[in-house]
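The values are calculated or read from the model by the stated rules, or taken from the named source; none is laboratory data. Note that the structure is predicted; figures quoted are calculated from it, not measured. Note: ideal-geometry Cβ built from the backbone for every residue, glycine included; neighbour counts use all protein chains shown.
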């Protein structure tokens, strides 16, 4: 016993019933085979439900993406016939969007600029609260 830190001459007193009850509550009791089997079945069920959920989620995303591709393809096919693009639209996309004025294609044409009037100013909001 001297190897484990206990003096060789002293013996420990006998434990009381309260100490035995406290120690037995903390003692590890190995699970039975039935409990081990139940744990294994539970882990298997959780894993299979997880895999099934992921499969369902991925297949749903695949269906959505396929449907979007199908709709995009059908929208392109049923669109109005393509309009012949002029040289200015090929050269100036800002003019196509209406951000910049359209420049003439040749030197003979003059650029057209249309000025629209500014919108009227908004009246200041009236506040009927008493002033401090």
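Considered as a group, the residues in segment 74-91 that are exposed (fewer than 10 other Cβ atoms within 10 Å of the Cβ) and in a helix (DSSP H, G or I) include one that is modelled with the highest pLDDT, and that residue is 75. For segment 17-65, the candidate set comprises residues that are surrounded by fewer than 10 Cβ atoms within 10 Å (Cβ to Cβ) and outside any helix (DSSP H, G or I); within that set, the residue that is modelled with the highest pLDDT is 32.
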